1. Can you list the DSSP H helices in the chain whose Cα atoms extend at least 15 Å along the helix axis and whose mean Kyte-Doolittle hydropathy is 0.0 or higher?
2. Considering the options 18, 32, 216, tell which one lies farthest towards the positive end of the dipole of region 9-253, charges being +1 on Lys and Arg and -1 on Asp and Glu at the Cβ, about the Cα centre.
3. For region 67-187, max minus min Cα coordinate along each principal axis, in Å, sorted largest first?
4. Among 88, 167, 207, whose Cα lies farthest out toward the positive end of the dipole of region 9-253, if unit charges sit on the beta carbon of Lys, Arg (+1) and Asp, Glu (-1)?
5. In whole angstrom, note down how far apart the Cα centers of region 1-39 and region 40-77 are.
6. Based on DSSP loop calls and a cut-off of at most 14 other Cβ atoms within 10 Å, the longest stretch of the chain free of exposed GluC sites (Glu not before Pro) is what?
7. With N denoting the number of residues in region 9-253, provide Rg(C-alpha) divided by 2.2 N^0.38 Å, to two decimal places.
8. Would you mind ranking 162, 129 so that the residue whose beta carbon has the fewest other beta carbons within 10 Å leads the list?
Amino acid sequence: MIGRAPLQDEYLEWNRTWGAPYGRGPSAMVSFRRRLEKVDPDAYGPFAFQAQRGLKTFQYPWAYFTAGVRPGMRVMLSGEGLGGFQFVLAMNGLQVVNVDPTAAGEPARAHARINRAFGTDVRLVTDLSEAAALEQGSFDRVFLLSTLDHLGERAGRAVLESSAALLAPGGLCLITADLLLHLRPLGVLPEGPAERNVDLRRLTDGLGLELAHGDPRELYGFPEFDRGRVVEMLPEMFVGPFYPSVSQTAVLGKPG
């Protein structure tokens, strides 16, 4: 389904509690560099160390509540960088692995500083061989939050295949993908190399996972996708505040 507006009260409260998605108020007056030099958990909150798009205002609490997370669960995120969601999960008692090859070097050192400041133990994996060695069938949840938007079709499919293998029976893969309103099939502009809408059906077909949550009428690429319905319901949808887009959400379950 596509995220709706206004946000539910529990989503708003979750965002207030954790300072999502941009960080707590005082962080707005401090550069990212200074925030990372002296991490202040109380002043900044866990979301203050990486720039985020407005749709994360919906996506983060949606993922948290939809996943039904519980202490002790083993979860993986892909491409989270220094994003705060991983640290929130760890502070809630989950075992968290963040696989992000782009976070090697200084980002990895910054990640370690954030871990220490918040008293968390998120495992950051930046080496693809190390990622390939993760135990298959061992994760209760996998989060791909606006990850597929930034990958080509081949790379996106590879991430999903790996995620399906890592999920334990009965596990869930939670996906969000931006749907750009100015591009076809909703808008009038054609897709290009820099901007495209993710064909969720093509990426997820044949993985051995079942659609456990999500309306195919609102998921681009599915045969049921209904452009007229999406356009008609736009006034009810949560539209990104800085960019003309809405957030598609889907949960894929591994039969258990």
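Every number here is computed from the coordinates shown, using simple stated rules; none is lab data. The structure presented is a predicted model; accordingly, all values stated were derived computationally and were not measured. Cβ: placed from backbone, ideal geometry, glycine included. Neighbour counts: every protein chain shown.
1. Span-like helices here: 153-166.
2. Of the options given, the answer is 32.
3. 46, 35, 28
4. In region 9-253, that residue is 88.
5. The two parts, judged by their Cα centres, are 9 Å apart.
6. Working: sites that count: 135, 191, 195, 224.
No qualifying site falls inside 1-134, the longest such stretch.
7. My calculation over the Cα atoms of region 9-253 gives 1.00.
8. If I rank by nearby Cβ atoms, fewest first, I get 129, 162.
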